[in-house]
1. If I model a spin label at E340 and K194 as a point 7 Å from the Cα along the Cα→Cβ vector, what separation in nanometres do I get?
2. Percent of accessible area on the chain owned by carbon and sulfur, 1.4 Å probe?
3. How much length is gained if the chain between R333 and K166 is pulled fully straight, taking 0.36 nm per residue apart and subtracting their Cα-Cα distance, in nm to one decimal?
4. How fast does region 109-247 diffuse by Stokes-Einstein, in µm²/s, taking the Kirkwood radius from C-alpha pairs at 20 °C and 1.002 mPa s?
5. With viscosity set to 0.890 mPa s and temperature to 25 °C, compute the Stokes-Einstein D of region 203-253, Rh being the Kirkwood radius across alpha carbon pairs; µm²/s, no decimals.
6. Ignoring solvent entirely, what values of log10 I(q)/I(0) come out of the Debye formula for region 1-132 at 0.15, 0.16, 0.18 Å⁻¹ when each Cα is a single scatterer?
7. Multiply the residue separation of F217 and A59 by 0.36 nm, subtract the distance between their alpha-carbon atoms, and state the gained length in nm to one decimal.
8. If you wrap region 234-318's Cα atoms in a convex hull and average its projection over all directions, what's the area in nm²?
Amino acid sequence: MKKLKYLTILLLPSGVSLTFILEGWFTLLTLFLFFIIVPIVEHFLPIDSSNLTETERLAAENDPFYDRLIYFMAPVQFGFLIWYLFVIKETTSTIEIIGRTQAMGLMCGVIGINVGHELGHRHSRFEKFLGDLLLLTSLENHFVPYHNQGHHTNVATPGDPATARKNEPLYFFWLRSHVGSYIQAWKFEVRRMKIMGRWKLGLYNKMVQYTLMQLLFCAILYVVFDWKGLFYFLIVAFLGVLLLETVNYIEHYGLLRRQRENGTYENVKRIHSWNSDHTLGRVLLFELSRHSDHHFKADKPYQLLESHDESPKMPSGYPAMMLLSLIPPLFFRKVNPLIEQLDEKRG
């Protein structure tokens, strides 16, 4: 029965469906559900730090349910994006435009980018292809080469754009992280082409492939939904990216690896990412909040991720921490003392 908890993700498309159907202030339902109701419920639910037993782990590792569920997210995401573009063309009310757009933006972040991230760590071509398709719904395909080669290598160092610095406001981080990761993705691919002995801007360059794929996708949306459809697609893609960068911010804020005398950094450990065992956030994000273990072993499937005592613990679940990060002074007041405690503990 433990695996059925991941079906909680269906609350998101269900809520978005109502947002597309209902009118007026009811179109803010999804935002209210995930950023008001979920944080409140998580505050009262017990934190679950338990891990699978060895028997459960072996069963989960070989159960196709977990893979099929995230594969299913690809047609769900594209189906809702198409539905949104049809609906938004006929929407004239300002509040309904805001409500439906933020709901689709939430899907772009939670399903498009988050599930795309999970699949981007897989090894099969099929899974990587599905991951690329999901990331396409936020035009965030550079995420894969940067994230896998850069972020997982340089996390918790000044060389990683996606590691938020202590006392860095979220709004500065958004720009620094997104632009920095995009530039690094191009550098990684140009270097890979040089090693392969190929033209750096040739079609073997994944960033060239992604750019052409994104341009083609946008052109198709323009032809089918005209300029208005393309405009609103770019907005929901942007919202998906903002959600990604906000999650990046809270996952690594203020944590740094120690630098050795030769200039290199200590190996990545579970102490270099913030962890959250708050139940709803865990299942809604396919265990993304068990981020410490993910960085310790990046290709571990989501259902096998574990909680460990040495991992730094967030004071709240992901939705609440994301809201708190929007008010930098309050976020610093809450999290900075935890960083200082961690530093003292390490000595």
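The values are calculated or read from the model by the stated rules, or taken from the named source; none is laboratory data. Please read these numbers as outputs of a predicted model, since none were measured by experiment. Ideal geometry is used to build each Cβ from the backbone, glycine not excepted, and the neighbour counts take in all protein chains shown. All accessible areas refer to the heavy atoms of the entire protein, side chains included, with ligands and DNA or RNA removed. Shrake-Rupley method; radii C 1.70, N 1.55, O 1.52, S 1.80 Å.
1. 4.4
2. 66
3. Details: separation 167, 0.36 × 167 = 60.12 nm, distance 1.13 nm.
Separation in residues times 0.36 nm, less the Cα-Cα distance, equals 59.0 nm.
4. 136
5. On the way: Rh = 12.7 Å.
Translational diffusion coefficient: 194 µm²/s.
6. Debye output, listed in q order: -0.85, -0.93, -1.08.
7. 53.0 nm
8. 7.0
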